[in-house]
Amino acid sequence: MVKTAEASSESPRREGSRRQSRLQRYRDLRFTEEELAVILLTPVVSFLLAVSFYPIFDTVIGSLHTGYVLEMNPREFVGLENYREIYGSGPLLDHS
């Protein structure tokens, strides 16, 4: 019985010391304002870049293929042929 009483009295002490050391570790993590700004802004900027550049990238890739976007048939790669067709036609270049 004495051993269980001692074990139970040591348990809160150990838990308290673990909690204390964990708190101390968090307190030791001090960042400068610049480091904190980088840590907090990196995920946001990464997400915004991904959301912004994906439509642009998809548009460029789509312009190098034939076919309608909603068609079930796979699109065929034509390279710069779409641009040659647009810029080679007369009405687009005719300014008069």
Kindly provide the set of residues from the stretch 77-93 that are modelled with pLDDT of 85 or more and either in contact with a Phe, Trp or Tyr (Cβ under 7 Å, 6 or more places away or on another chain) or among the acidic types (D, E) (or both), ordered by number. E81
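Among the listed residues S8, S52, S17, which satisfies the condition of being in a helix (DSSP H, G or I) and modelled with pLDDT of 85 or more? It would help to see each step written out before you state the result.
Values: S8 fails: modelled with pLDDT of 85 or more; S17 fails: modelled with pLDDT of 85 or more.
S52 is the lone residue from the list that is in a helix (DSSP H, G or I) and modelled with pLDDT of 85 or more.
The values are calculated or read from the model by the stated rules, or taken from the named source; none is laboratory data. These figures come from a predicted structure and were not determined experimentally. So basically every Cβ, Gly included, is an ideal-geometry build from the backbone, and we count neighbours across all protein chains shown.
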